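The values are calculated or read from the model by the stated rules, or taken from the named source; none is laboratory data. Since we're looking at a predicted model, the values are computed, not measured. Here the Cβ positions follow ideal geometry from the backbone for every residue, glycine too, while neighbour counts run over all protein chains shown. Just the protein is used for accessible areas: all its heavy atoms, side chains included, with ligands, DNA and RNA removed. Shrake-Rupley method; radii C 1.70, N 1.55, O 1.52, S 1.80 Å.
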Amino acid sequence: MRPTFSRLLPLCLALAAALAVSAAPAPLVDPATEKRIDALLAQMTLEEKVGQLHQLSSFFDPTGPMPEAPDEAARVAKIRNGQVGSMLNVHGVAAVRRLQQLAVDGSRLHIPLLFGYDVVHGFRTIFPVPLAEAASWNPAAAERSARIAATEAAATGIDWTFAPMVDICRDARWGRIMEGAGEDPFLGAAFAAARVRGFQGPDLRAVDSVAACVKHFAAYGFAEAGRDYNTVDLSAATLHDVVLPPFRAAVEAGAATVMTSFNEIAGLPSVSSARLQREILKGEWQFPGFVVSDWGAIRETLPHGFATDLRHAAQLAILSGNDMDMESSAYDRHLAELVTDGTVPSAVLDEAVRRVLRVKFALGLFDDPYRRCDPVRERRLLEAPEHLAAAREIAGESIVLLKNSDSLLPLDPEVRRIAVIGALAADKDAPLGNWRGEGRRDSAVSLLEGIRAAVGPRTVVDYAEGAAVTIGDRVAWTDSQYNTTDRSGFRAAVAAARRADVVVLAVGEDAWQTGEGRSQADIGLKGLQQELFAAVRAANPRTVVVLMSGRPLVLGAVAEQAPALLATWHLGSQAGHAIADVLFGLRNPSAKLPVSFPRTVGQCPLYYAHKNTGRPTGGDGRVFWSHYTDTPNSPLYPFGFGLSYTTFTLSAPRLSAAAIGPRDTLRVTATLTNKGARAGAEVVQLYVRDVVGSLTRPVKELKGFAKIELQPGESREVAFTLTAADLAFTTARGTWEAEPGEFQVFVGNSSEVDSSTAFQLRPE
Ligand code: BGC
């Protein structure tokens, strides 16, 4: 039979999709564009050059009349004079077009503005918070959600997203842990690269591509005591081995821009660190794009006690390689005079401007500054049904089954009566998470709605709030806003639990308890939630707990006593449907924790890849070893952990050789079998321990993972490869290389796998 086009079409589409995912991005630097930039630079005045490095936030309602206020009129004049290079927080085709026109028609050289926005986990369609999405251990899912977010954002005129956030974080007190991929650099690097590919697509010029901005460079997630914006003091080895790998992966994936972090590292604010920006990023990594400061970060070098005044702050930042100033107005006010008096060489200014122009060219803005300003696309693409379908699927893939005693889950959709309890269960806003772009308030499918839509017609669903978690304004968070006194809803909740065959109780935190500026010293279940759990469980022990949060929480009795527990994070627009899919078994959970869950906040920072210490073991009543006397060292739930409705077994790992040389490849294989009665997916994880190093090495490091789907009874061999490059680290000599010696290899379904086999890495 001759192949016909229609027969080949699915194949072509599959091929095109595969290429779209894997195609190398177009390089930012090409000789023809560099010539155009040369020509432009030759025409630009000093003020116009500085203008390209000045970013303004949205300041007036651009769909209304032009501003009357003198300050706003002055800003409009600045745009017309070519003294603004970029704007943030403006979106909507009408608004972007209006401001772009001021720059393109009004300014002498017609250089377009660059419009940036925080599109972190969705624009209108909201996806799981990035920490949740990392629990899928499926970078392709993150690539897909970033692609959709870019498509929606670009349809409203946005050219640039301040994402992905790739900060490794090992301290759940830090509110921004929800924005990253968790505690591990290997997993983090895979997600960082995937998100960049998703946002930027194969071609930055495309009308549905936005430039990515990898942030926050660097080590922001290591803020002391988990307090946002706090001091960071960490070793060069940790910086290179743990913090930087996701940044590097993002840069290698073609990220067009990088944002510096607010924090200092060992006394040096990132925005003024030439080591970070010039030596590592633009030097060693050859990053061709531009660096933008975080909001007001240049100005913040004053309270840091590093710059004497704003002029000095500008000088330090530009000389250190920070190209664009977000909301400090330091370059706008002082850069021209710094260049005129010779403090900043004009070549430094030109180089920064070149980088900004390069990104504008790459985005196609010089060919058509209105390319992302098509009202038809804007109408069509926001809330497209296929985007919501993807959000439901990705949310489902992000749900971690932490406990399932007596196989209470999945529930029978024909069950006679379900009690759904908890304020968060009916909440249509909390599931949207903290960086919800232009997601509409209260637009998520609540857990209650999801359950109602999933059950059969004869099932009765009773809802009882039990107790409000919070009172008052949810966004401006203070401790006084937790409900610690009002138990008036307990009686109805208990009655509903008693009547029901099964209870689904939602506990956790609101979207505004996590995110920027929302660090917490107590990461337990706030308000009356533990009390409510105790009352409900006493009324009906068949209580499934659905945990909603943007971070690992300390669960106490809930984890000990609930027979079933699901970590459902803040899952986005389709949260309720996705949770119901798992509750009723339409989806078999396959997610794994991207971050350790502590037993108590006192264990923070907590992570599986810790060092062994000189006193790693004890017991038998001995006191003097590295431990707590009141809680185990181990987490409640470890990194990489997550259950399924089926049961998998994994054979011991087999190695292709007992020793390899520095140029060899070791093959590690293991056999995975689905022993249960349901199809399911398991994430097989490869860990390595470098037994002795010139600097001490972690007890385990993730070096590979594979998500494998198996039918009941099916087995498959899972294969990983390891080379010396995979074993490299920052040595005592300051080099990045693998050191010969013994390596233990662990293959398991969580970081707590303990059986290992070993091989030797031979010297050259
Ligand atoms: C955050 C950044 C964000 C920027 C612009 C800052 O406060 O730290 O992550 O991109 O604001 O909104």
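Using a probe radius of 1.4 Å on heavy atoms only, what accessible surface per residue do you get for the chain? Whole Å² is fine.
Each residue of the chain exposes 37 Å² on average to a 1.4 Å probe.
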If contacts are Cα pairs under 8 angstrom and at least 6 residues apart, what is the relative contact order of the chain in percent? 13 percent
In the chain, which whole DSSP H runs stretch at least 20 Å along their own axis (Cα) and average 1.0 or higher on the Kyte-Doolittle scale? 5-22
Collect residues whose amide H, placed 1.01 Å from N in the peptide plane, falls under 5 Å from the amide H of Ala659; neighbours closer than 5 in sequence don't count. Gln760
At 1.306 mPa s and 10 °C, Stokes D of the range 172-301 from Kirkwood alpha-carbon radius, µm² per second: 106 µm²/s
Quick one: length gained pulling Glu742 to Thr485 fully straight, 0.36 nm per residue minus the C-alpha distance? 86.7 nm
How much net charge surrounds Glu449 when only other residues with a Cβ under 14 Å from its Cβ are counted (Lys, Arg +1; Asp, Glu -1)? -1
Could you size up the charge dipole of the chain around its Cα centre, putting +1 on the beta carbon of Lys and Arg and -1 on that of Asp and Glu, and report it in debye to the nearest 20? 1580 debye
Any chance you could get the radius of gyration and Dmax over the Cα atoms of the chain, in Å? 26.7, 81
Per-residue HN-Hα couplings for the range 660-674, Karplus 6.51 cos²θ - 1.76 cosθ + 1.60 at θ = phi - 60°, whole Hz, x for Gly and Pro? 10, x, x, 10, 8, 10, 9, 9, 10, 10, 7, 10, 9, 10, 8
Looking at the range 141-244, what % of the alpha carbon pairs are farther apart than 21 Å? 38 percent
Counting only residues 5 or more apart in sequence or on a different chain, those whose built amide H sits under 5 Å from that of Gly704 are Leu686
Cα gyration tensor category, rounded, prolate or oblate, for the range 536-605 with a/c compared to 1.5: oblate
Efficiency by 1/(1 + (r/R0)^6): what FRET value for Glu531 and Tyr628, r their Cβ-Cβ distance, R0 = 30 Å, to the nearest 0.05? 0.70
Give the relative contact order (percent, whole number) for the range 558-713; include only Cα pairs under 8 Å separated by 6+ residues. 22 percent
For Arg80 and Thr340, what does the FRET efficiency come to when R0 = 25 Å and r is the distance between their Cβ atoms, rounded to the nearest 0.05? 0.60
Over the chain, the sum of -39500 (n - 2.57) across DSSP H runs of at least four, divided by residue number and rounded to 500 deg cm²/dmol, gives at 222 nm -8500 deg cm²/dmol
Taking K and R as +1 and D and E as -1, what net charge do the other residues with C-beta under 13 Å from the C-beta of Arg372 add up to? -2
Full extension between Ala557 and Ser651 adds, at 0.36 nm per residue less the Cα distance, a length in nm of 30.4 nm
Enumerate the amide H contacts of Tyr637 below 5 Å, restricted to partners 5 or more residues apart or on another chain; note that Pro and chain-start residues carry no placed amide H. Phe597
Run through the DSSP bridge list for the chain and note the antiparallel percent, rounded to the nearest 5. 55 percent
Please give the length that would be gained between Ala453 and Arg441 if that part of the chain were fully extended, namely 0.36 nm times their separation in residues minus their C-alpha to C-alpha distance (nm, one decimal). 2.2 nm
Over the range 242-291, consider all pairs of different Cα atoms and compute the Kirkwood hydrodynamic radius from their mean reciprocal separation; express it in Å, one decimal. 11.1 Å
Portion, in percent, of the accessible area of the chain that falls on carbon or sulfur, probe 1.4 Å: 53 percent
Whole-angstrom Cα spans of the range 490-560 along principal axes, big to small: 42, 21, 17
Could you tally the net charge around Val684, taking each other residue with its Cβ under 11 Å from the Cβ of Val684, Lys/Arg +1 and Asp/Glu -1? +1
Kirkwood Rh and Cα Rg combined as Rg/Rh, the range 281-329: 1.01
Order Asp228, Asp208, Asp442, most accessible first, counting only protein heavy atoms with a 1.4 angstrom probe. Asp442, Asp208, Asp228
